[in-house]
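Chemist: Shown below is the structure under consideration.
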Amino acid sequence: MSKESKAWLYLITLSVIWGSSFILMKRGMFTTPGQPIFSDVEVASLRMVIAGSVLLPFAFRSMSKLKDIKTFLFLCVVGLCGNFFPAYLFTYAETGVSSGLAGMMNSFTPIFALTIGFFVFKERLNKLQSLGVVIGVVGVVLLMISGKNFEVKGEWSHIFAIVGATFCYAISVNTIKYKLPHLRSIELAALAFSVILLPSLLIGLKSGVIETIKTNEFALEGLFYITILSVIGTAMALIIFNKMISISSVLFATSVTYLIPIVAVVIGLYFGEQIGWIQIIAMGIVLLGVFIANYLGKKQVVSKKNTH
(Lines give C-alpha, C1' and ligand atoms only; values in the text may rest on other atoms or scores of the structure.)
Protein backbone atom coordinates (compact mmCIF):
# COMPACT_ATOMS: atom_id res chain seq x y z
CA MET A 1 0.00 0.00 0.00
CA SER A 2 1.35 3.44 -0.92
CA LYS A 3 1.99 6.14 1.67
CA GLU A 4 -0.92 8.18 0.32
CA SER A 5 -3.32 5.23 0.62
CA LYS A 6 -2.12 4.50 4.14
CA ALA A 7 -2.57 8.14 5.12
CA TRP A 8 -6.18 8.14 3.92
CA LEU A 9 -6.85 4.84 5.73
CA TYR A 10 -5.43 6.31 8.94
CA LEU A 11 -7.52 9.45 8.44
CA ILE A 12 -10.79 7.52 8.14
CA THR A 13 -9.94 5.21 11.05
CA LEU A 14 -9.10 8.11 13.35
CA SER A 15 -12.26 9.97 12.32
CA VAL A 16 -14.35 7.04 13.53
CA ILE A 17 -12.35 6.55 16.74
CA TRP A 18 -12.14 10.20 17.77
CA GLY A 19 -15.63 10.98 16.56
CA SER A 20 -16.83 8.40 19.09
CA SER A 21 -14.59 9.61 21.92
CA PHE A 22 -16.77 12.59 22.87
CA ILE A 23 -19.78 10.43 23.68
CA LEU A 24 -17.47 8.06 25.61
CA MET A 25 -16.29 11.00 27.74
CA LYS A 26 -19.88 11.93 28.42
CA ARG A 27 -20.79 8.34 29.35
CA GLY A 28 -17.87 8.27 31.78
CA MET A 29 -19.33 11.28 33.56
CA PHE A 30 -23.06 10.52 33.30
CA THR A 31 -25.33 7.54 32.70
CA THR A 32 -27.70 7.64 29.73
CA PRO A 33 -30.56 8.98 31.93
CA GLY A 34 -28.18 11.62 33.34
CA GLN A 35 -27.07 10.32 36.75
CA PRO A 36 -23.55 11.52 37.65
CA ILE A 37 -20.71 8.99 37.80
CA PHE A 38 -17.17 10.40 37.65
CA SER A 39 -16.32 14.10 37.66
CA ASP A 40 -14.66 15.71 34.65
CA VAL A 41 -11.28 15.72 36.44
CA GLU A 42 -11.66 12.05 37.38
CA VAL A 43 -12.52 11.01 33.83
CA ALA A 44 -9.53 12.90 32.38
CA SER A 45 -7.18 11.46 35.03
CA LEU A 46 -8.40 7.89 34.52
CA ARG A 47 -8.07 8.31 30.76
CA MET A 48 -4.45 9.46 31.03
CA VAL A 49 -3.48 6.85 33.65
CA ILE A 50 -5.03 3.89 31.80
CA ALA A 51 -3.60 4.93 28.42
CA GLY A 52 -0.21 5.70 29.98
CA SER A 53 -0.14 2.32 31.73
CA VAL A 54 -0.88 0.51 28.47
CA LEU A 55 1.99 2.35 26.77
CA LEU A 56 4.44 2.14 29.71
CA PRO A 57 6.20 -1.09 28.58
CA PHE A 58 6.89 0.55 25.21
CA ALA A 59 8.21 3.64 27.00
CA PHE A 60 10.80 1.58 28.90
CA ARG A 61 11.94 0.01 25.63
CA SER A 62 12.24 3.45 24.01
CA MET A 63 14.29 5.20 26.71
CA SER A 64 17.43 4.89 24.60
CA LYS A 65 15.90 7.44 22.21
CA LEU A 66 16.24 10.16 24.86
CA LYS A 67 19.73 11.19 23.82
CA ASP A 68 19.54 14.90 24.63
CA ILE A 69 17.60 17.43 26.68
CA LYS A 70 15.96 18.97 23.60
CA THR A 71 14.26 15.69 22.69
CA PHE A 72 12.99 15.34 26.25
CA LEU A 73 11.64 18.91 26.28
CA PHE A 74 9.84 18.42 22.95
CA LEU A 75 8.35 15.19 24.30
CA CYS A 76 7.11 17.17 27.30
CA VAL A 77 5.42 19.60 24.90
CA VAL A 78 3.74 16.73 23.04
CA GLY A 79 2.69 14.98 26.26
CA LEU A 80 1.24 18.11 27.84
CA CYS A 81 -0.24 19.83 24.78
CA GLY A 82 -1.22 16.75 22.82
CA ASN A 83 -2.76 14.79 25.67
CA PHE A 84 -2.70 16.16 29.22
CA PHE A 85 -4.22 19.63 28.88
CA PRO A 86 -6.79 18.69 26.19
CA ALA A 87 -8.01 15.71 28.26
CA TYR A 88 -8.93 17.95 31.19
CA LEU A 89 -10.18 20.81 29.03
CA PHE A 90 -12.51 18.63 26.95
CA THR A 91 -14.06 16.81 29.90
CA TYR A 92 -14.61 20.14 31.63
CA ALA A 93 -16.19 21.52 28.44
CA GLU A 94 -18.58 18.56 28.23
CA THR A 95 -20.05 19.45 31.60
CA GLY A 96 -21.58 22.43 29.80
CA VAL A 97 -21.86 21.54 26.09
CA SER A 98 -23.08 18.47 24.20
CA SER A 99 -20.63 15.85 22.98
CA GLY A 100 -21.70 16.67 19.40
CA LEU A 101 -20.81 20.33 19.74
CA ALA A 102 -17.50 19.43 21.38
CA GLY A 103 -16.70 17.20 18.42
CA MET A 104 -17.60 19.92 15.96
CA MET A 105 -15.56 22.61 17.69
CA ASN A 106 -12.57 20.29 17.60
CA SER A 107 -12.34 21.36 13.95
CA PHE A 108 -10.58 24.54 15.08
CA THR A 109 -7.39 22.43 15.25
CA PRO A 110 -6.36 22.72 11.56
CA ILE A 111 -6.82 26.49 11.66
CA PHE A 112 -4.49 26.83 14.66
CA ALA A 113 -2.08 24.24 13.23
CA LEU A 114 -1.76 26.14 9.97
CA THR A 115 -1.33 29.45 11.81
CA ILE A 116 1.45 28.07 14.02
CA GLY A 117 3.06 26.33 11.04
CA PHE A 118 3.01 29.59 9.07
CA PHE A 119 4.39 31.91 11.77
CA VAL A 120 6.73 29.55 13.64
CA PHE A 121 7.88 26.98 11.08
CA LYS A 122 7.48 29.10 7.91
CA GLU A 123 5.12 26.55 6.33
CA ARG A 124 3.47 27.77 3.12
CA LEU A 125 0.12 26.85 1.58
CA ASN A 126 -0.82 27.00 -2.07
CA LYS A 127 -4.13 28.45 -3.24
CA LEU A 128 -5.96 25.13 -3.49
CA GLN A 129 -4.89 24.11 0.02
CA SER A 130 -6.06 27.44 1.41
CA LEU A 131 -9.35 27.11 -0.48
CA GLY A 132 -9.86 23.60 0.91
CA VAL A 133 -9.33 24.82 4.46
CA VAL A 134 -11.86 27.62 4.01
CA ILE A 135 -14.45 25.26 2.49
CA GLY A 136 -13.94 22.81 5.35
CA VAL A 137 -14.48 25.54 7.92
CA VAL A 138 -17.67 26.67 6.15
CA GLY A 139 -18.99 23.11 6.24
CA VAL A 140 -18.23 22.72 9.95
CA VAL A 141 -19.91 26.03 10.80
CA LEU A 142 -22.97 25.07 8.78
CA LEU A 143 -23.07 21.70 10.51
CA MET A 144 -22.87 23.43 13.90
CA ILE A 145 -25.75 25.85 13.30
CA SER A 146 -27.94 23.16 11.74
CA GLY A 147 -27.60 20.65 14.59
CA LYS A 148 -30.76 20.86 16.70
CA ASN A 149 -29.31 18.82 19.54
CA PHE A 150 -26.00 20.64 19.88
CA GLU A 151 -27.08 23.46 22.12
CA VAL A 152 -24.85 25.11 24.69
CA LYS A 153 -25.99 24.69 28.29
CA GLY A 154 -22.95 25.98 30.11
CA GLU A 155 -20.90 29.16 30.39
CA TRP A 156 -18.55 30.68 27.87
CA SER A 157 -15.70 29.08 29.82
CA HIS A 158 -16.78 25.71 28.42
CA ILE A 159 -16.48 27.04 24.87
CA PHE A 160 -13.08 28.61 25.56
CA ALA A 161 -11.91 25.32 27.10
CA ILE A 162 -12.44 23.62 23.73
CA VAL A 163 -10.68 26.45 21.90
CA GLY A 164 -7.76 26.12 24.31
CA ALA A 165 -7.64 22.35 23.80
CA THR A 166 -7.54 22.69 20.02
CA PHE A 167 -4.75 25.27 20.26
CA CYS A 168 -2.80 22.77 22.38
CA TYR A 169 -3.36 20.07 19.76
CA ALA A 170 -2.00 22.42 17.10
CA ILE A 171 1.18 23.05 19.10
CA SER A 172 1.65 19.31 19.57
CA VAL A 173 1.16 18.31 15.95
CA ASN A 174 3.64 20.91 14.70
CA THR A 175 6.17 19.82 17.33
CA ILE A 176 5.82 16.20 16.23
CA LYS A 177 6.19 17.04 12.54
CA TYR A 178 9.11 19.44 12.76
CA LYS A 179 10.99 18.53 15.94
CA LEU A 180 10.50 14.78 16.51
CA PRO A 181 10.46 13.17 13.04
CA HIS A 182 13.18 10.70 14.07
CA LEU A 183 10.92 8.91 16.56
CA ARG A 184 8.66 6.05 15.50
CA SER A 185 4.95 6.52 16.26
CA ILE A 186 4.87 3.97 19.09
CA GLU A 187 8.01 5.45 20.65
CA LEU A 188 6.63 8.96 20.45
CA ALA A 189 3.28 8.03 22.00
CA ALA A 190 4.83 5.95 24.78
CA LEU A 191 7.51 8.46 25.77
CA ALA A 192 5.07 11.40 25.67
CA PHE A 193 2.68 9.56 27.99
CA SER A 194 5.47 8.59 30.38
CA VAL A 195 5.94 12.32 31.02
CA ILE A 196 2.32 12.85 32.12
CA LEU A 197 1.52 9.51 33.78
CA LEU A 198 2.58 10.48 37.31
CA PRO A 199 0.91 13.95 37.33
CA SER A 200 -2.31 12.38 36.03
CA LEU A 201 -2.21 9.70 38.73
CA LEU A 202 -1.67 12.26 41.50
CA ILE A 203 -4.49 14.50 40.24
CA GLY A 204 -6.80 11.49 39.98
CA LEU A 205 -6.07 10.36 43.53
CA LYS A 206 -6.50 13.87 44.90
CA SER A 207 -9.82 14.29 43.08
CA GLY A 208 -11.27 11.28 44.91
CA VAL A 209 -11.47 8.74 42.08
CA ILE A 210 -10.92 5.79 44.45
CA GLU A 211 -13.84 6.89 46.63
CA THR A 212 -16.06 7.28 43.56
CA ILE A 213 -15.23 3.74 42.43
CA LYS A 214 -16.12 2.41 45.88
CA THR A 215 -19.35 4.34 46.43
CA ASN A 216 -20.96 5.15 43.07
CA GLU A 217 -23.31 2.39 41.90
CA PHE A 218 -22.63 3.25 38.27
CA ALA A 219 -18.82 3.29 38.63
CA LEU A 220 -18.25 0.03 36.71
CA GLU A 221 -20.39 1.30 33.85
CA GLY A 222 -18.40 4.53 33.74
CA LEU A 223 -15.09 2.65 33.94
CA PHE A 224 -16.12 0.49 30.99
CA TYR A 225 -16.57 3.53 28.74
CA ILE A 226 -13.44 5.25 30.07
CA THR A 227 -11.35 2.13 29.42
CA ILE A 228 -12.52 1.99 25.80
CA LEU A 229 -11.77 5.71 25.51
CA SER A 230 -8.29 5.22 27.02
CA VAL A 231 -7.10 2.11 25.19
CA ILE A 232 -8.67 2.63 21.76
CA GLY A 233 -9.53 6.34 21.68
CA THR A 234 -6.25 7.50 23.23
CA ALA A 235 -3.34 5.02 23.22
CA MET A 236 -4.09 3.22 19.96
CA ALA A 237 -5.40 6.34 18.20
CA LEU A 238 -2.33 8.35 19.18
CA ILE A 239 -0.02 5.75 17.65
CA ILE A 240 -2.03 5.87 14.41
CA PHE A 241 -2.05 9.69 14.45
CA ASN A 242 1.70 9.92 14.96
CA LYS A 243 2.22 7.47 12.12
CA MET A 244 -0.04 9.56 9.89
CA ILE A 245 1.93 12.72 10.68
CA SER A 246 5.19 10.96 9.76
CA ILE A 247 3.96 10.04 6.25
CA SER A 248 1.82 13.10 5.46
CA SER A 249 1.59 16.84 6.14
CA VAL A 250 0.36 18.73 9.19
CA LEU A 251 -2.61 19.91 7.12
CA PHE A 252 -3.57 16.37 6.17
CA ALA A 253 -3.15 15.01 9.70
CA THR A 254 -5.26 17.73 11.30
CA SER A 255 -7.94 17.31 8.64
CA VAL A 256 -9.18 14.42 10.78
CA THR A 257 -10.90 17.08 12.89
CA TYR A 258 -13.01 18.08 9.87
CA LEU A 259 -14.39 14.55 9.65
CA ILE A 260 -15.03 14.07 13.38
CA PRO A 261 -18.27 16.13 13.33
CA ILE A 262 -19.64 13.85 10.61
CA VAL A 263 -19.06 10.82 12.83
CA ALA A 264 -20.73 12.65 15.72
CA VAL A 265 -23.85 13.22 13.60
CA VAL A 266 -23.91 9.60 12.43
CA ILE A 267 -23.65 8.40 16.03
CA GLY A 268 -26.52 10.73 16.87
CA LEU A 269 -28.57 9.07 14.13
CA TYR A 270 -27.84 5.66 15.63
CA PHE A 271 -29.16 6.84 18.98
CA GLY A 272 -32.36 8.17 17.43
CA GLU A 273 -31.47 11.80 16.68
CA GLN A 274 -32.88 13.39 13.54
CA ILE A 275 -30.87 14.69 10.60
CA GLY A 276 -32.01 17.11 7.92
CA TRP A 277 -30.92 17.92 4.39
CA ILE A 278 -28.91 20.92 5.59
CA GLN A 279 -26.76 18.65 7.75
CA ILE A 280 -26.25 16.23 4.86
CA ILE A 281 -25.18 19.13 2.61
CA ALA A 282 -22.87 20.44 5.36
CA MET A 283 -21.18 17.04 5.66
CA GLY A 284 -20.69 17.03 1.89
CA ILE A 285 -19.06 20.47 2.05
CA VAL A 286 -16.68 19.27 4.77
CA LEU A 287 -15.64 16.28 2.68
CA LEU A 288 -15.15 18.52 -0.36
CA GLY A 289 -12.87 20.81 1.65
CA VAL A 290 -10.74 17.89 2.84
CA PHE A 291 -10.49 16.53 -0.71
CA ILE A 292 -9.44 19.88 -2.21
CA ALA A 293 -6.91 20.68 0.52
CA ASN A 294 -5.28 17.28 0.70
CA TYR A 295 -5.66 15.73 -2.76
CA LEU A 296 -5.92 18.50 -5.34
CA GLY A 297 -3.70 20.81 -3.28
CA LYS A 298 -1.02 18.13 -2.99
CA LYS A 299 -1.19 17.43 -6.73
CA GLN A 300 -0.67 21.15 -7.39
CA VAL A 301 2.49 21.08 -5.27
CA VAL A 302 3.82 18.03 -7.15
CA SER A 303 2.94 19.63 -10.50
CA LYS A 304 4.85 22.81 -9.66
CA LYS A 305 7.89 20.80 -8.60
CA ASN A 306 7.85 18.87 -11.88
CA THR A 307 7.63 22.05 -13.96
CA HIS A 308 10.65 23.45 -12.19
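Chemist: Taking the condition of being in a helix (DSSP H, G or I), charged (D, E, K, R) and closer than 21 Å to Val54 by Cα, how many residues in region 172-192 meet it?
Modeler: Selection size over region 172-192: 1.
Chemist: Might you let me know whether region 65-77 holds any residue that is in contact with a helix residue (DSSP H, G or I) (Cβ under 6 Å, 6 or more places away or on another chain), closer than 20 Å to Ile210 by Cα and modelled with pLDDT of 95 or more?
Modeler: no
Chemist: Please name all residue pairs, on different chains or six or more residues apart, with Cβ atoms under 7 Å, provided the first residue is in region 121-138 and is among the acidic types (Asp, Glu) and the second residue is modelled with pLDDT of 80 or more and in a helix (DSSP H, G or I).
Modeler: Filtered contacts from region 121-138: Glu123/Gly117.
Chemist: Okay, moving on. Select from region 95-113 the residues that are touching a His at 6+ places or on another chain (Cβ under 8 Å) and in a loop (DSSP other than H, G, I, E, B) and write down the one among them that is modelled with the lowest pLDDT.
Modeler: Restricting to residues being touching a His at 6+ places or on another chain (Cβ under 8 Å) and in a loop (DSSP other than H, G, I, E, B), the top hit is Gly96.
Chemist: Also, quick follow-up: Which of the residues belonging to region 28-43 are in contact (Cβ under 8 Å) with a residue 60 or more places away in the chain and buried (at least 18 other Cβ atoms within 10 Å of the Cβ)?
Modeler: Residues satisfying the conditions are Gly28, Met29, Ile37, Phe38, Ser39, Val41, Glu42, Val43.
Chemist: Sticking with this one: Go through region 43-88 and report how many residues are more than 23 Å from the chain's Cα centre (by Cα) and either in a helix (DSSP H, G or I) or under 20 Å from Phe167 (Cα atoms) (or both).
Modeler: The total comes to 8.
Chemist: If you don't mind, there's one more thing I want to ask. Assuming Gly204 fulfils every condition listed in (1) surrounded by 18 or more Cβ atoms within 10 Å (Cβ to Cβ); (2) within 18 Å of the chain's Cα centre (by Cα) apart from one, which condition is it?
Modeler: It fails just one condition, (2).
Chemist: One residue is enough: does region 81-90 have a residue meeting the conditions modelled with pLDDT under 95 and among the aliphatic types (A, V, I, L, M)?
Modeler: Looking for residues that are modelled with pLDDT under 95 and among the aliphatic types (A, V, I, L, M), one finds none in region 81-90, hence no.
Chemist: Another question, then. Determine whether region 119-130 contains at least one residue that is at pLDDT below 80, over 26 Å from Gly96 (Cβ atoms) and either in contact with a Leu (Cβ under 6 Å, 6 or more places away or on another chain) or outside any loop (DSSP other than H, G, I, E, B) (or both).
Modeler: yes
Chemist: Can you confirm whether region 134-151 contains a residue that is farther than 21 Å from Cys168 by Cα, charged (D, E, K, R) and at pLDDT 80 or above?
Modeler: The answer is no; no qualifying residue exists.
Chemist: Sticking with this one: May I ask you to list the residues in region 79-127 that are of a type in the set (Val, Ile, Thr) and under 26 Å from Leu202 (Cβ atoms)?
Modeler: Thr91, Thr95
Chemist: If you go through region 237-291 one residue at a time, how many are at pLDDT 75 or above and in a loop (DSSP other than H, G, I, E, B)?
Modeler: Total meeting the criteria: 3.
The values are calculated or read from the model by the stated rules, or taken from the named source; none is laboratory data. Here the structure is a predicted model, which means the values were calculated and not measured. With ideal geometry, Cβ positions are generated from the backbone for all residues, glycine too; neighbour counts draw on all protein chains shown.
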